[in-house]
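First the structure, in the form of C-alpha cells, and then the observations on it.
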Amino acid sequence: MFARRIVHTLCGIVLLGVLGTSSTGAFGPADRTTHFTFSRAVQLPGVTLPAGTYTFAVANPQGSADVVKVTSRDGSKLYALKLTLSTYRPASRDLKSTIVFGETPAGTPLPVKAWYPEGETRGREFIY
C-alpha cells in the first residue's frame, strides 16, 4: 500500500514537470516581439522614429516587463529603451498587435501612447 502511494506521487510529480515545461512555448515569445511599419514619422519619449519598420519588444520579460525596447526590423540598431506602465486595452474580441497614438498639433509626428502585443489584453503605455 505504501509503495503504491509513492509510485502515484512520483508519477504525479513527473506529469506536472512534463506539462509545465512543454506548455511554455505555446504562448509565443516571452518578449512579446511585434513588428510595426509606419508610413510617416512617429514619436516615442525623447526620440522621433522616421517612417520605416521597427520591432517593439519587452526588454525584461522575466522581470516586471516594464521596459520596452524599440529596434530596427533586423535588430541591428537600438532606437529606444523606455520605461512603461501597464495598461489594459478596451474590451474587444480583436487581440491583434496594436499601437495607440496620442494627439499632437498638425505637422508634428504622432506620439506612440501605448503598445499592445498580439493575443494580450495587457499592453505597455509609454511615459511622457
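The table below lists the values:
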read-out: Evaluation of residue 40 against (1) in a strand (DSSP E or B); (2) within 16 Å of residue 102 (Cβ to Cβ) (one fails), failing number; value: (1)
read-out: Hits in the stretch 36-48 (condition: without any contact (Cβ under 8 Å) to a residue 60 or more places away in the chain and either open to solvent by less than 30 Å² (accessible area, probe 1.4 Å) or touching a strand residue (DSSP E or B) at 6+ places or on another chain (Cβ under 7 Å) (or both)); value: 37, 38, 47
read-out: Boolean, residue 70 is within 16 Å of residue 124 (Cα to Cα) and either under 13 Å from the mean Cα position of the chain (by Cα) or open to solvent by less than 80 Å² (accessible area, probe 1.4 Å) (or both); value: yes
read-out: Residue check, residue 107 part of a loop (DSSP other than H, G, I, E, B), over 15 Å from residue 58 (Cα atoms) and out of contact with any Cys (no Cβ under 7 Å at 6 or more places or on another chain); value: yes
read-out: Residue list for the stretch 86-109, filter: surrounded by 10 or more Cβ atoms within 10 Å (Cβ to Cβ) and within 20 Å of residue 32 (Cβ to Cβ); value: 86, 87, 88, 89, 92, 95, 96, 97, 98, 99, 100, 101
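The values are calculated or read from the model by the stated rules, or taken from the named source; none is laboratory data. The structure displayed is predicted, hence computed values, not measured ones. Every residue, glycine as well, gets a Cβ built from its backbone with ideal geometry; the counts of neighbours run over all protein chains shown. Protein only, heavy atoms only, side chains kept; ligands, DNA and RNA dropped before computing areas. Shrake-Rupley method; radii C 1.70, N 1.55, O 1.52, S 1.80 Å.
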